[in-house]
1. Mind pulling the angle between the C-alpha long axis of helix B:219-229 and the longest principal axis of chain B? Nearest 10 degrees, somewhere in 0 to 90.
2. Rounded, prolate or oblate: which one fits region B:127-253, using the alpha carbon gyration tensor with axes a ≥ b ≥ c (rounded when a/c is under 1.5, else prolate when a/b beats b/c, else oblate)?
3. Which percent of the accessible heavy-atom area of region B:1-106 goes to carbon and sulfur, probe 1.4 angstrom?
4. Note every residue of region B:29-72 with a reduction of at least 30 square angstrom in accessible area, all protein chains present versus the isolated chain, computed with a 1.4 Å probe, or write none.
5. For chain B, set up a Gaussian network in which alpha carbons nearer than 10 Å are linked by springs, and say which option among B:Arg36, B:Arg200, B:Arg156 fluctuates the most.
6. Which order do A:Val275, B:Val59 take when ranked by solvent-accessible area (1.4 Å probe, heavy atoms of all protein chains), largest first?
7. Suppose accessible area is computed on protein heavy atoms with a 1.4 Å probe; arrange B:Tyr88, B:Tyr108 from highest to lowest.
8. Between A:Glu88 and A:His49, 0.36 nm times their residue separation minus their Cα-Cα distance comes to what?
Amino acid sequence: MITVATIPARTGIGLKPQHYQEILRDRPGFGFFEVHAENYMGAGGPPHHYLEAVRKDYPLSLHGVALSIGGESPLNRDHLARLKALLERYDCGLFSEHLAWSTHEDAYLDDLLPVPYTGKTLQRVCDHVNETQDFLGRQMLLENPSTYVQFEESTMTEIDFISQIATRTGCGLLLDVNNVFVTCKNHNMDPNAYIDAFPVEHVGEIHLAGHDERRDDTGAPLLIDAHGSPVVNRVWKLYERAISRVGPVPTLIERDANVPPLADLLAEAARADRVLDAERQRRNSHAVAAE
Amino acid sequence: MTTQPGQNDFAAALIDRALPVPDGVTSWTQPLPARRFGVYRNNVSGALVEALAVRYPVVKRLVGEEFFRAMARDYALHNLPRSPVLIYYGADFPDFIAGFEPAGALPYLADVARLDSAHWESYHAKDAIAVPQGAFASLAPATLANVAFEFLPSVRILSSPHPIVAIWRTNTEDAAVQPVDLTLAEDALVARPEMAVEVRTLPAGAAVFLSALRDGRPLGEAAATALQTAANFNLSQNLAGLIAARITARIIP
């Protein structure tokens, strides 16, 4: 199996059509680009034209949003084939997907829907992760979800569930720090404790994004993983905490709605790079001190 | 004993808002949390509406954000995507618009939607290189009637009793929308010779002519068919237009 090697432990940004021209003109320096796989599943045209041009200068990470790994339905083999074709065509350094479902029977629901955490669902998700890795011939990263509800039937914590998937399948994990914040706030849990308990040895990438704030019927906070605003300070704090445990790993600034000027995303990326650099220095000085 | 809602129940309640929150869905603040479950409902319908808004920008502009949302949601919840590749979602939305009574005051709306859709398909179509314009010069006049053409995969031909190109263009390119003579009928050619999608208004008979060529029929036959529909069909003007549009992937002598 090909292991993750070509995405540097620096910060990347999501590639948006609004920024194609500016990126090719200015070639700003940063770690890598990530794209949603499904946006590049058309036959041709500008999406592929620009992605090919961008790929010449930057490493690329492929992020799937529609494989429905948590689904009761069998995985869509045609979709796996499309993913494999993209991974090969663009020589992607990472492939990640979500702990969620989105397809039921033959209908695609276009959202990342929640999975109960039970022995039965664990087996199903592991089967799907194994099938995906076997089909693609490479390791995948699985992302922790943002969730808004829980299930009475759940018998395991999210962290136990995710840890078992990584252990049983050999997949890596994509730690979405904003999702940690959203999920913990939504379920009255401590995000710091979540980060402290996360199986960091499997983490191959981190995601950072913004969220919206609402209230549920009782007036309790209800955070929504909207990707339409900058990363908030409390998530940056959580990111620093995560990096101090994980070490420097590729980090992505995600923005899918209200896409701002490229410079704004690059500024957020630079902030994450400073966190990564500080951690590298901290680890180096510890290593020196230990000699 | 806890309740275990299957994805069947969960999916059904996402789509049908009259259904209650599925049994077994809970939260720390309350069981069966309506507003929390509502986030998923909104995400699903919102994402599908957005996918349609991207494919049908001029329709959205013509009817306004609120009307578009209501119309698109109605379509989406009755026509869920059958593929996770949303680039292909909503191809039959124009047919839905044609039968959507609240939009009845805009008789051209469905055909403008077809133009939006053709533009979207052309944008994402398989790439191919158009033959150079000089390639047409070498065709021998004596055998011209037997020549056939293979068009680029990005070619779409539309025919409408409404001025779809004028409406589409002024709502796409003009800083301020210009008045359009709604009594005109316009046919359109959509194609992408390189990376930019080009939209052209077609002269009389050209839609029939080009459609016949697209279907592989030889030039002489295509011209005859066009003449039957439009007495003022002008072959030399149409040939010049065919060459200028750079839509030919292969000339089959």
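1. Tilt relative to chain B: about 70 degrees.
2. oblate
3. 53
4. B:Thr29, B:Gln30, B:Arg35, B:Arg36, B:Val39, B:Tyr40, B:Asn43, B:Val44
5. Ranking B:Arg36, B:Arg200, B:Arg156 by mean-square fluctuation puts B:Arg36 first.
6. From most exposed to least exposed: A:Val275, B:Val59.
7. B:Tyr88, B:Tyr108
8. 12.4 nm
The values are calculated or read from the model by the stated rules, or taken from the named source; none is laboratory data. These figures come from a predicted structure and were not determined experimentally. Heavy atoms of the whole protein, side chains included, go into the accessibility calculation; ligands, DNA and RNA do not. Shrake-Rupley method; radii C 1.70, N 1.55, O 1.52, S 1.80 Å.
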